[in-house]
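The values are calculated or read from the model by the stated rules, or taken from the named source; none is laboratory data. Every value quoted in this text rests on a predicted model; they were computed, and no experiment measured them. For neighbour counting, all protein chains shown are included, and Cβ atoms are generated from backbone atoms with ideal geometry for every residue, glycine included.
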Amino acid sequence: MRIKSLFLLSTLALMVLGPAASPRAQQKEAQANARRVIVFVWDGLRADDLTPENMPNYFRLARSGVVFADHHAVYPTFTMMNSASIATGTYPGSHGFYGNVVYAPEASGKNAKRMSIEFSAPAFIEDFGVVEAVRESYGGRLTLVSTMLETAQAKGLTTAAVGKFGAAFIQDYKRGGFILDEDAAMPLSFAKELQQAGYPLPKNTVNAYESGVLTLANENGDPTAPAAIQRLNDDHTSNPLDRSGALSRKGFRYLTDVFVNYILPNKKPDLTIFWSKEPDATNHAYGPGTYNSIDATKMNDEILGRVADKIRELSWEGSTDIIITQDHNHSTVSGDVSHFPLRRVVDAGVGSHDPYGYSVSGFVRTAELLALDGLKAYDGAGCRNVPTLSGILSDGTELHPVKDDEHGVVCGRTQKYTSPRYSVPKPVPPGAIIVAANAGSDYLFIPDGDPKIAKAAVTSLQSRLQFGAIFVSDKYGPLRGTLPMSLIKADSKIPGRGPDIIVSFTFDENVAVSGRAGISYASSVNRRGDHGSFSRTDVHISLMFHGPAFKAGLYDTLPTANVDIAPTIARILGFNMPNAEGRVLEEAARSLLDGTSRLLSSARYLLAKLTSSNAALSPLASFCASSLAQKCMKKSRGSSSSMWLCKAVTSIPLPRKVFRTGLTSFAVSTKSPVIAALPEPVGWKLITIPEPAAIGTCMPPSVILSARGILNP
Ligand SMILES: [Zn+2]
């Protein structure tokens, strides 16, 4: 009956519209029917700042969209690492790119400001010039897996990458589509179009092309210049009490203007990645939870509101899917508060102890600590002056007092410093360790691959409380108290690309600063906020889908990760990413599946939901849930599809602290009889590593339960 009337209606519509419709009307209709996807990455947004008060536009969409409760960044939780994983749907071990600070000594070239880059030292890669130099040193294959935007372009789709330099650019690092980041507009024709339309260009656009082919207009200015950071009277540490607002407001107002008023209506991109620099930039400066951090968080919602208004104006609501996620969460940089208690900020200076005050510690220079243990370690940086965050102890003593290099003997020039320079010698001596300092985790490269050096580095790291979990390249075999890098899918398949050791700094999820839980040591310089560690804070992020491709009002409790985004988008837009390691998030989709798959997906979702709600009650309940899962498995074992269901059932959240970097899950506990007593379910692997006493004070988890390959048969 209903089908009949639908048929009648469409026949009627055809009679009315069909022969009479003008080509323009047909074109308009085709455009309205086209599928569009816009992905917003809100860099470094705290999951607990995602509130209706801060983000009204987000919640307007979320209420009729899909909210993912258990979404994860890829570890290491750096921007460029997650940018590559979002771009390719793969883990670092497969895409082979190791940002943010990359050690690529074979590379040469100039940065976006057209300054030569010293690649004998690890280089910060949030810059199209640096990305392109490294790309060329990798034979054009910055990532070993094609990006989503490149794949979409090959299918004839129009793409746009807009926003933060580096992170937006890497999405389309071969410059195949429209790119507008803080540094440049690409391609040249697009940059010229923008000029003709009266827009200024990001200042470094001229450096993206051969000299002389593009000239900035006299009144161009610097539309993406950030605001200055307001500092304490030590001139280096930011003032967390400052209320001047988000650092990148001006730049992102400009980028949003161009996106909403020019790119959307004129270029009509099928697929857009809009990578916001905030609240990351402001969090780094002032720390999570501060006035400026919240202002930067709200800025994203304002941009979302402007884009949503434009989509409505263009009548694209019925064809546009919006995906919102982060590259990582954000922690407060602080050392152990029992050694370095929080202090109040008074008159732009550091005051007395205050449990509700601010951090006066957390900065770690890994090369310096390794060197203290007799290793030849270099991070390629000059003298560092980190007067407050190097650590002020309980009694007011500075852990690394400021020294004055009056004659430039230590630093090579006159300056104050708390830590000397660790330039990389040329040539690199045997037994050297090159540290790519990356904030919440550091990469250690051992150029001569000497296993004795790897072991010595591990022993040194394990002896200090600043360092937590240590991941060592599988080529060194098992090392006591460390985990194989392949476990987190970060072991490089190509020699020279990936680090030999990844070390996460120590974090504490039970300390809050400015009302935000989660502190971590970090190797970043004079930053109050950072990320990159293996902490739950840094790894756990948000994900929301809204639009015609997705269900409305679903709260999805299945674990998901940033590698799942590209394959899901590929399914929506009808192209293939066969090398993606993430899964299509089918349970969230309205119309991507055939009948059988939809049924399976729903069943799988229900089962996972049942077990996860049990698991949430207690470790014991979780134990029962896993038994339930096994029963179910025996019952339905047989065809490939029922086996698939069973694997889904084993995806229950594991007891105690659960981390998941994509498809690899870890239940981590230093003393956990419950975990130790768990039987080994199918598809799960139990790994036992030595007890803390055996290897020093800082000890990664003693028992690790890893569920591998679940949800991805
Ligand atoms: Zn980031």
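General observations
- Matching residues in segment 42-87 - criterion: being touching a helix residue (DSSP H, G or I) at 6+ places or on another chain (Cβ under 7 Å), assigned to a strand (DSSP E or B) and within 26 Å of G532 (Cα to Cα): W42, H72
- Filter result for A84 (at pLDDT below 95 and either out of contact with any Gly (no Cβ under 9 Å at 6 or more places or on another chain) or within 15 Å of the ligand (Cβ to nearest atom) (or both)): no
- On inspection, D327 fails the criterion of being surrounded by fewer than 24 Cβ atoms within 10 Å (Cβ to Cβ) and not hydrophobic (A, V, I, L, M, F, W, C).
- Among residues of segment 353-394, those that are assigned to a loop (DSSP other than H, G, I, E, B) and within 16 Å of A439 (Cβ to Cβ), counted: 11
Residue-by-condition table, conditions (1) in contact with a strand residue (DSSP E or B) (Cβ under 8 Å, 6 or more places away or on another chain); (2) within 16 Å of the ligand (Cβ to nearest atom):
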| site | (1), (2) |
| --- | --- |
| M115 | no, no |
| F119 | no, no |
| F124 | yes, yes |
| G139 | no, no |
| S146 | no, no |
| T151 | no, no |
| A154 | no, no |
| D172 | yes, no |
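- Failed item, numbered, when D321 is tested on (1) surrounded by 20 or more Cβ atoms within 10 Å (Cβ to Cβ); (2) of a type outside the set (V, I, T); (3) at positive phi: (3)
- Counted residues, segment 212-238 - those being closer than 19 Å to F190 by Cα, in contact with a Lys or Arg (Cβ under 9 Å, 6 or more places away or on another chain) and not β-branched (V, I, T): 6
- First in segment 324-352 and on the phi > 0 side of the Ramachandran plot, second anywhere and surrounded by fewer than 24 Cβ atoms within 10 Å (Cβ to Cβ), Cβ under 7 Å, 6 or more apart: A348/L232; A348/N233; A348/N239
- Counting the residues of segment 410-456 that are on the phi > 0 side of the Ramachandran plot, in contact with a helix residue (DSSP H, G or I) (Cβ under 7 Å, 6 or more places away or on another chain) and either part of a strand (DSSP E or B) or touching a residue at least 60 places away in the same chain (Cβ under 8 Å) (or both) gives 0.
- Once segment 353-371 is narrowed to residues that are more than 26 Å from D280 (Cβ to Cβ) and among the aliphatic types (A, V, I, L, M), the residue that is farthest from the ligand (Cβ to nearest atom) is A371.
- Residues of segment 328-353 satisfying the condition of being among the acidic types (D, E) and closer than 21 Å to R527 by Cβ: D336
- For segment 357-404, taking the residues that are among the polar types (S, T, N, Q) and under 25 Å from G289 (Cα atoms), the one that is farthest from the chain's Cα centre (by Cα) is identified as S394.
- Scanning segment 320-352 for residues that are polar (S, T, N, Q) and either assigned to a loop (DSSP other than H, G, I, E, B) or more than 16 Å from the ligand (Cβ to nearest atom) (or both) returns T320, Q326, N329, S334, S338, S352.
- Of all residues making up segment 156-167, the number that are within 16 Å of the ligand (Cβ to nearest atom) and assigned to a loop (DSSP other than H, G, I, E, B): 3
- Subset of segment 36-63 [surrounded by fewer than 23 Cβ atoms within 10 Å (Cβ to Cβ) and hydroxyl-bearing (S, T, Y)]: T51
- Filter pass, V563 being in contact with a strand residue (DSSP E or B) (Cβ under 6 Å, 6 or more places away or on another chain) and on the phi < 0 side of the Ramachandran plot: no
- Residue within segment 275-293 that is on the phi > 0 side of the Ramachandran plot and buried (at least 21 other Cβ atoms within 10 Å of the Cβ) present: yes
- Segment 454-481, subset of a type in the set (S, T, Y) and more than 25 Å from V337 (Cβ to Cβ), residue surrounded by the fewest Cβ atoms within 10 Å (Cβ to Cβ): T459
- Here G93 clears all of (1) more than 12 Å from the ligand (Cβ to nearest atom); (2) part of a loop (DSSP other than H, G, I, E, B) except the condition numbered (2).
- Some residue of segment 100-109 being under 30 Å from G318 (Cα atoms) and within 16 Å of the ligand (Cβ to nearest atom): no
- Note on segment 418-454: residues that are of a type outside the set (D, E, K, R) and under 30 Å from P387 (Cβ atoms) amount to 20.
- For segment 49-59, the tally of residues that are without any contact (Cβ under 8 Å) to a residue 24 or more places away in the chain and either under 23 Å from R312 (Cβ atoms) or aliphatic (A, V, I, L, M) (or both) stands at 2.
- Segment 277-294 - residue that is of a type outside the set (S, T, N, Q) and in a helix (DSSP H, G or I) and, of those, farthest from the ligand (Cβ to nearest atom): Y291
The rows are residues; the columns are (1) under 21 Å from A437 (Cβ atoms); (2) within 16 Å of the ligand (Cβ to nearest atom); (3) part of a strand (DSSP E or B).
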residue: G481; (1), (2), (3): no, no, no
residue: A490; (1), (2), (3): yes, no, no
residue: I494; (1), (2), (3): no, no, no
residue: S504; (1), (2), (3): yes, no, yes
residue: V511; (1), (2), (3): no, no, yes
residue: I519; (1), (2), (3): yes, no, yes
residue: R527; (1), (2), (3): yes, yes, no
residue: L543; (1), (2), (3): no, yes, yes
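- Residue, modelled with the highest pLDDT, within segment 459-478, restricted to residues that are closer than 18 Å to P92 by Cα and part of a strand (DSSP E or B): V472
- Within segment 540-566, tally of residues that are surrounded by fewer than 23 Cβ atoms within 10 Å (Cβ to Cβ) and either farther than 24 Å from M55 by Cβ or among the β-branched types (V, I, T) (or both): 1
- Neighbours by Cβ (under 6 Å, 6+ apart or cross-chain): first from segment 227-245, without any contact (Cβ under 8 Å) to a residue 60 or more places away in the chain; second surrounded by 16 or more Cβ atoms within 10 Å (Cβ to Cβ) and among the hydrophobic types (A, V, I, L, M, F, W, C): A227/L247; I229/A285
- Here G109, G140, G156 are screened, and the one residue that is small (G, A, S), closer than 24 Å to V435 by Cα, at pLDDT 95 or above and out of contact with any Leu (no Cβ under 7 Å at 6 or more places or on another chain) is G109.
- Residue-level analysis places Y199 outside the set of residues that are at pLDDT 95 or above and outside any loop (DSSP other than H, G, I, E, B).
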